[in-house]
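Participant: The structure under discussion is supplied below as structure tokens; questions concerning it will follow.
The values are calculated or read from the model by the stated rules, or taken from the named source; none is laboratory data. Note that the structure is a prediction, hence the values are computed from the model and not measured. Positions of Cβ are generated from backbone atoms using ideal geometry, with glycine treated the same way; all protein chains shown enter the neighbour counts.
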Amino acid sequence: NILTGLVNLSVDTLSASPLAAFMILVAYTFNLCMLAGLAQFSGVRIKFW
């Protein structure tokens, strides 16, 4: 997952405070939800076999 890799490269996860880690998770989840909503709004269909 590209987004996971970007987060891991940009944040020192071992020294992140609990609040910073929580905010990263919230931002990550928000971005994933926005991407899914945008795909649905645009009519993009993803098939899983």
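Participant: Under 8 Å by Cβ, and 6 or more places apart or on different chains, what pairs join a residue from segment 22-49 that is among the hydrophobic types (A, V, I, L, M, F, W, C) with one that is modelled with pLDDT under 90 and surrounded by fewer than 11 Cβ atoms within 10 Å (Cβ to Cβ)?
Facilitator: Listed pairs, sorted by first residue: Ala39/Ile46.
Participant: Next up: Filter segment 17-37 down to residues that are farther than 18 Å from Gly5 by Cα and over 14 Å from the mean Cα position of the chain (by Cα), then give me how many there are.
Facilitator: We begin by selecting, within segment 17-37, every residue farther than 18 Å from Gly5 by Cα; these are 17-19, 34, 36-37.
From the residues that got through so far, the ones that are over 14 Å from the mean Cα position of the chain (by Cα) too are 17-19.
Of the residues in segment 17-37, 3 are farther than 18 Å from Gly5 by Cα and over 14 Å from the mean Cα position of the chain (by Cα).
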